[in-house]
Structure formats: structure tokens, C-alpha cells
1. Give the residue that is nearest to Leu478 (Cα to Cα), with candidates limited to residues of the stretch 451-465 that are out of contact with any helix residue (DSSP H, G or I) (no Cβ under 7 Å at 6 or more places or on another chain) and of a type outside the set (Lys, Arg).
2. Restricting attention to the stretch 512-534, report how many residues are buried (at least 24 other Cβ atoms within 10 Å of the Cβ) and of a type in the set (A, V, I, L, M, F, W, C).
3. Checking Ala220 against (1) surrounded by fewer than 18 Cβ atoms within 10 Å (Cβ to Cβ); (2) within 21 Å of the chain's Cα centre (by Cα); (3) at pLDDT below 80, which single condition isn't satisfied?
4. Please work out if Ala502 is among the small types (Gly, Ala, Ser) and surrounded by fewer than 17 Cβ atoms within 10 Å (Cβ to Cβ).
5. Here is a list of conditions, (1) in contact with a helix residue (DSSP H, G or I) (Cβ under 8 Å, 6 or more places away or on another chain); (2) in a helix (DSSP H, G or I); (3) closer than 25 Å to Ile29 by Cβ; (4) among the aromatic types (Phe, Trp, Tyr), and Tyr426 meets all of them except one; can you say which number that is?
6. Quick one: which of Leu359, Leu373, Leu432, Leu369 is among the hydrophobic types (A, V, I, L, M, F, W, C), modelled with pLDDT of 85 or more, more than 30 Å from Leu262 (Cα to Cα) and within 20 Å of the chain's Cα centre (by Cα)?
7. Somewhere in the stretch 456-463, is a residue at pLDDT 80 or above, in contact with a Leu (Cβ under 8 Å, 6 or more places away or on another chain) and of a type outside the set (Lys, Arg)?
Amino acid sequence: MFRLNQDRLGWLVSLILFVLVLLPLAAVIVQVLLPGVFFGDWQVGDLGLMLEVFKRPLWLKSLEHSIVLACGTTVLATLLGGTLAMIRSSWKFPSARLLDASVWILLITPSFILAQGWVMFAAGGGIAVKVFGWHWVTPAVFQPAGLIVIMTLSKFPLAYLSVHAAMEWKVEQLSEAARLCGASAIRVWRTIQAPLLLPAFLAGAALVFMDTIGDFGLPASIAAVYRYPTLPYSIYSALYTSPIRFDMAGVLSFYLVVLISLAMLLQTYAVKSSRFDFLSARAVPSVPKKAGKLTPYLTIANIAFLLVVIGIPIGANVLMSLFKTQSKGLSLSNLTFSHYRELLDGKTELLTGLWRSLLISSSSALLGLLIGLGIAFVLIYSQFRFKRAIEMMSLVTLAVPGVVLGIGYIFVWNQAWLQSIGLLLYGKPAILVLAAIAGAIPIITRMMVGAMAKVPKSLLDAAQVQGGSLISRVRFILVPLIRGALLSAALAAFGSSVFDLAVNSILFPPNFVTLPVTINKAFEDLNFGYASAATVLGGGIVILIILLLELLLRRKAARK
């Protein structure tokens, strides 16, 4: 009976993941082969259309720009993040914790908000020119190399966390043996430490590549001042031009999926071919040493670096929200709260969009938590034969860009026959909830798996022997033991879905704008002051809600 219940749960979560993740992704591929199948036309498509990407200027430019941006960012961000991680793990200096905090800030902050901050700083009439008089910033930033640098400063946390985690433990005997044989410190690092860190560098590089090539925020933000089409933005444009170009969206989505799949395959091959199992009983936690004479240099360099990567994008949003006009620069006479008053006077769409985003994110976080709990239970405690497939499906949306997922949802949920059974969800808020759940599942599942791995299966087996049902065992034994992880997973899913620009831009129903759509629309209209104020106010409210919920729920749990 126990095995039967586990199998039923396994099949249930498999079905849910298929509908939420695999079916939309498969729909994108099918659309290329059978372009009219989702609208009642079973005619086979022209496979020659796949080669049109090399003939049509916009398609080709989008592909070239995405590859250049992703490859350049991957190299620079991996080197930057890996170097910072090694410095942070090796030496102790006063501002080191600020670096850790900045990594998480950049990781959590949506890319389009970071990109908007850079645009407001570097644009022709932006802060760099009006406040500091740096006219060279505009041409330096708004070119391919400049965009790669901006993306690098936003994506390096992925490589930083990968390498930093790999340096948590060390085996000093390897380096000591090399030094006893006469090897210099540089040679020890090159021949021993660097090869051992290679898998972590490769994993970080793959994460950077996949996150960059599928990024919708940067091209959507810079489109107001600089034209640099990429695959995600051209897919979005294909759906919001007249006539709608489903063929273009399908072909470009296919190439985007292919590039991401190649990155995943190359990472898997590289890690397998360069595996080093070096941890032994003599492994000890890696503790940073005092930097000595390097302390002031590391501290100053770190603070200067943080002023760039955090101060420019976040600071630009705050400053611009307080400027009356962009052209007058930083002066007391140019400071105002009028943009915030405009947001709160009830005549704008911001508060309505914020309320809708909060409802969608709350619903997706709660439903995603139930689904993620079921997935993690199957992965940790069950003997379901297809649980490796479940694990793969639960991670797909980490690699698949939001624009591709949104395209798939249009194809799946915009079919006429769904009208008769009440499931024609395209054009309704419910489709935003489903897409948000699909995006939240990887986050929730990873956190749940880590928490459940610490709970012995014997506790659940003992309850099962006493006649406890599967639901009662989860409710009365498992959930109380992982309550903290459940709360963290729900809040992380809630926060990440509020500012999901890609999915919201593609799937939002008519006259149903959400917070990220409202902010991006104001930015595209060059209303920088309003867009910045909306970003600061909306982001502040979301952060405050998360902090209050965590404080209240953790205190309640502590009293119990």
C-alpha cells in the first residue's frame, strides 16, 4: 500500500510537470514542424523556414547578437566571479561580507531593473553626463562590448557562487606535498588547485551562458535608447507586431532552445571528463586567512567594485526617481517627490498592477509549494521508477527562458476546442498563475530536497506502520520538521515571480497590466522618473512584505 501511494503521487506530479513544463516546450518545437496545428491546420510546415534565419537580416542579427552577448559575458563573468570567489575564500578583509551581500542582491534583483539603472546612468542625458560630466560613458556603454560588460557585472554572481561553494573544503596535503617537491606557489595553484576547481568553473560558465542568452530584461530596457535585437526580444516583437509572426517566434525559439541544450550538453561532458574526487578524511573547512599588507588594498578595491555593480544600477533608479527633470542633474532645486505622489494619487496603473502582481505571485507561491513538496517527497523518499525524469522536468524552467515558456503557453492554451470545456486560458489571469508556478517549481523543489534529505525515512516508516496515511505522515511529521524551509521556499518563489518581465510581457491579458509591465511601459515611453519611482516603491513594498511575513511566521513557529 505504501509503494502504491508513492507511485500514485509520482504519476500525479509527473502529469503536473508535463502540463506545466514539457507540453509548452514541446509545443514550440511542434509549431516549427506543423505551424498551424494548434489552430486546426494540420499541414506540414516548410522545413526550409529553419534556414531562413541565415537569410533574413533581423533573424540573423538577433542570432548573432545573442551568441556574441552570451559568449562574451560567459568568459568575462566566469573569470570575474571565479576570481572574486577565490579571493573571498582565501583572504579575510573588512568589507568581505558586503561582497557576499551584493552577490545575493544582484541575483535576486530582476535583470530589467538593473539594465534600466545602467541606461539611466549612461544615456546621453543621463546621470553620468548631467551629474559627473562624463560624456565618454554613453558611446562606451551603448556598443556590443559595453553591453557585454554590463551583463557581466549582472551575471557574475552565478559563477561566484559556483566556485565559492567548491572552495568550502580543502585538502592541504596536496598543496603541501607539491611545495615539498619544490613547486612555487603559482605552480601549485596552476597544477593542483586550478584543475580541482575546473568543474565548478564549467558549471558557473554554463549557468552564466544559459541565463544570458535567455535574458529578456537587458534588450527590453535598452531598446528605448539603443537598438540591439536578441533572440528573446525578437521573439517578443514577433508576437506584438502586426501581423503576428508565429512562424518567426517559433523558429527563433527553436534556435534559442538548441543553444541552451548545447550548453547543457557541453557542461555535462566537460564535467564528466574532468572529474576529480579529492575530498578525504583529512579535508577541513576552508577558513579565509588574514590578508596582512593586502588588507587596505582589498578593502578599497572591493568597495570601489561594489559602488559600480550595486551603486550605479540601484543608485541610478533612486536618484532618477527624485529628479524633477533629467537635464538639470543633481541639485536641491531639482529634487522632488512628485513622481511618488503621482504613483499614489490613484490615477496611475501602478497600484493596480502591483496588487495584481501580488495576487498572482501569492497564488503561484502557495500552489507551487504544494507541487514542489510532492516532487521533493517523490525524489527523496519514494522508489518511483521514473523519479529521475521528474527531477529533470523540475529543473527545465531554470534553463528555458521565460519568452520561450510564454510562447509555449500561448500555443497550448489558445486552442478553440478548450473553449467548450472552460480551459481556454489565453487572455485570462489564470495563465499568468500557471506560468509563475512553472517558474517557481525549480526554486521550491531544490530547497525542499535539501531540507527533506535531513529527515530520516525511518520516521515516516514508523508512522506508516502505525496506520498513518500518506497525507497525515506529511502533515504531522514531515511538515513540522521542515517548516523553515517551506517558509523560505514560498517567500523565494513569491519574490521571484513578482518581477518576471518576460512571462508577464508575453502573456498579460488585455487591460490587465501587472507591475513589471507597468514599469517597462513607462521606461519605453522615456518616462524615466516615473519608471524609477515605480521600481523603488514597488520593490520596497515587495521586500517589506517578505520581511514582515518571515518575521511573523517564524515568531509564530518559535512560540509553538
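1. In the first step, residues of the stretch 451-465 are kept if they are out of contact with any helix residue (DSSP H, G or I) (no Cβ under 7 Å at 6 or more places or on another chain); the result is 454, 456, 458, 461-462, 465.
The next check asks that each one be of a type outside the set (Lys, Arg); those that pass are 456, 458, 461-462, 465.
Values: Pro456: 10, Ser458: 12, Asp461: 12, Ala462: 12, Val465: 16 Å.
Applying the filter and picking the extreme gives Pro456.
2. 7
3. The number of the failed condition is (1).
4. Numbers: among the small types (Gly, Ala, Ser): yes; surrounded by fewer than 17 Cβ atoms within 10 Å (Cβ to Cβ): no.
No, not satisfied.
5. With (1) in contact with a helix residue (DSSP H, G or I) (Cβ under 8 Å, 6 or more places away or on another chain); (2) in a helix (DSSP H, G or I); (3) closer than 25 Å to Ile29 by Cβ; (4) among the aromatic types (Phe, Trp, Tyr) applied to Tyr426, the lone miss is (2).
6. Of Leu359, Leu373, Leu432, Leu369, the one residue that is among the hydrophobic types (A, V, I, L, M, F, W, C), modelled with pLDDT of 85 or more, more than 30 Å from Leu262 (Cα to Cα) and within 20 Å of the chain's Cα centre (by Cα) is Leu369.
7. At the first step, the residues of the stretch 456-463 found to be at pLDDT 80 or above are none.
No, there is no match, as no residue in the stretch 456-463 is at pLDDT 80 or above, in contact with a Leu (Cβ under 8 Å, 6 or more places away or on another chain) and of a type outside the set (Lys, Arg).
Listed here are the residues, each with its yes/no results for (1) over 21 Å from Arg97 (Cβ atoms); (2) modelled with pLDDT of 80 or more.
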{"residue": "Arg245", "(1), (2)": "yes, no"}
{"residue": "Leu256", "(1), (2)": "yes, yes"}
{"residue": "Val284", "(1), (2)": "yes, no"}
{"residue": "Thr299", "(1), (2)": "no, yes"}
{"residue": "Phe305", "(1), (2)": "no, yes"}
{"residue": "Ile314", "(1), (2)": "no, yes"}
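The values are calculated or read from the model by the stated rules, or taken from the named source; none is laboratory data. Predicted, not measured: the structure shown is a model, and the values here were computed from it. Note that we place each Cβ from the backbone using ideal geometry, even for glycine, and neighbour counts take in every protein chain shown.
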